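Just below is one structure, and these are the notes that go with it.
Read-outs throughout are calculated quantities, based only on the coordinates presented, and are distinct from any laboratory measurement. Just so you know, these numbers come straight off a predicted model, no measurement behind them. Note: ideal-geometry Cβ built from the backbone for every residue, glycine included; neighbour counts use all protein chains shown.
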Amino acid sequence: MRGAKPFEELEHGLAEALAATPPGGVALACSGGPDSVALTAAAAATARVSGLPLVVLHVNHALRAAAERDEGVALGVASRLGLPFQSTVLQGPAGDEATLRAGRYDALATMALARGCTAIATAHTLEDQVETVLLALVRGTGLRGLAGMPQQRPMGSGLVLLRPLLGRGHGELRAYCHAHGLPYALDETNADARYRRNRLRVLLQHLREVEPSADQAIARLAHLAREEDAYLDERAAEALSLSAAEEGGLDERIGELPRPLLRRVLRLWLGGRDLAFEHLDRLAEAAAQGRRGRFFVRKGEEVVIGAGMLERRVTTDGEDSEPDRN
């Protein structure tokens, strides 16, 4: 980061990412931590040139004693940068990490839509991507999990979620805050061993000692996995269109497809990421072997492999089914 503008590359990359959003404003999710403060300030710097409307949003989970401090930091940063600010306090009992994350995104989306924004930008970083990939790996993921977090994805209601800092590290973003005299808050729960990511960070420190470029290598793995996952999804969509039978069924000749593609076709046909791998793989194996029977796929739904066709059926008992032995 040498020269008169050491963070020019960071700001330029952020400007390109924000410029690729649908017409309208961008909501910046600011927790008050160094990563989101850097995102907010860098976005404001680029918006002075582009004229892109920005708003700073903060979600207060009200679970920690420092929650009011964090909101105050986010408000102060927005005020200093001359950006509109809005916050909301989440009500209700605390849940697990996934529940809290879902509530936070719902709250951000509600505020962003009320402000007329078309995109929400978060400050997920290179290290966040690495942790996401490794957590997926230890769960036994496939390519989709290894792909990690995409830089952009639809959220519904016309909103797009942006992660423009996935290629940037915590260190660079904290240095950006220091260079611009920006305040930030540190989350004390980052040292709480009850959270999986925090336990993983300890292991990551050892991994970086063994391989200093581990973060970049894992991020490259995520990029390659995402490209290959997208390619296989395209092939699966083509195969599904060729195998569609009457009334939404599938021609049983789908079982002649290579097993990796067959699983994707079945997942696409069944329409969901909530399918357990064991049930999906069992169904794929049966289709490949030409076996007939009833196969549980998720609560309230099964697939029946009969003469010449696979059919989806709604069930009432939700019980697993054994295939016929014919």
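Things worth noting here:
- Using just its DSSP H runs of length 4 or more, each adding -39500 (n - 2.57), the chain gives a mean residue ellipticity at 222 nm of -16000 deg cm²/dmol after division by all residues.
- Amide hydrogen neighbours beyond the local backbone of Ala245, cut-off 5 Å, H modeled: Leu250, Asp251
- Shape category assigned to segment 164-321 from the gyration tensor of Cα positions, a/c cut at 1.5: prolate
- Rg over Rh, two decimals, segment 30-151 (C-alpha only, Kirkwood Rh): 1.00
- Given the chain, longest segment not containing exposed loop trypsin sites (Lys or Arg not before Pro) (DSSP; at most 12 other Cβ within 10 Å): 3-138
- Overall form of segment 194-248 per C-alpha gyration tensor (a/c, 1.5; a/b vs b/c): oblate
- Against the set (i) 1.02; (ii) 1.74; (iii) 1.18, the structure's computed Cα Rg over 2.2 N^0.38 Å falls on (iii).
- Segment Ala114..Met309, full-extension length gain: 65.4 nm, with 0.36 nm per residue of separation and the alpha-carbon distance subtracted.
- Going from the fewest other Cβ atoms within 10 Å to the most, the residues Glu252, Glu228, Glu71 appear in the order Glu228, Glu252, Glu71.
- Placing +1 on each Lys and Arg Cβ and -1 on each Asp and Glu Cβ, with no other charges, gives segment 8-218 a dipole about its Cα centre of roughly 420 debye.
- Evaluated at q = 0.13, 0.17 Å⁻¹: base-10 log I(q)/I(0), Debye formula over Cα of segment 244-326: -0.34, -0.59
- As a size descriptor, the averaged projected area of the C-alpha convex hull of segment 27-72 was calculated at 3.2 nm².
- Inter-part distance, segment 172-193 to segment 30-58, computed on C-alpha centroids, equals 15 Å.
- Given their separation in residues at 0.36 nm each and the Cα-Cα distance between them, Glu301 and Arg253 gain 15.1 nm when the chain is fully extended.
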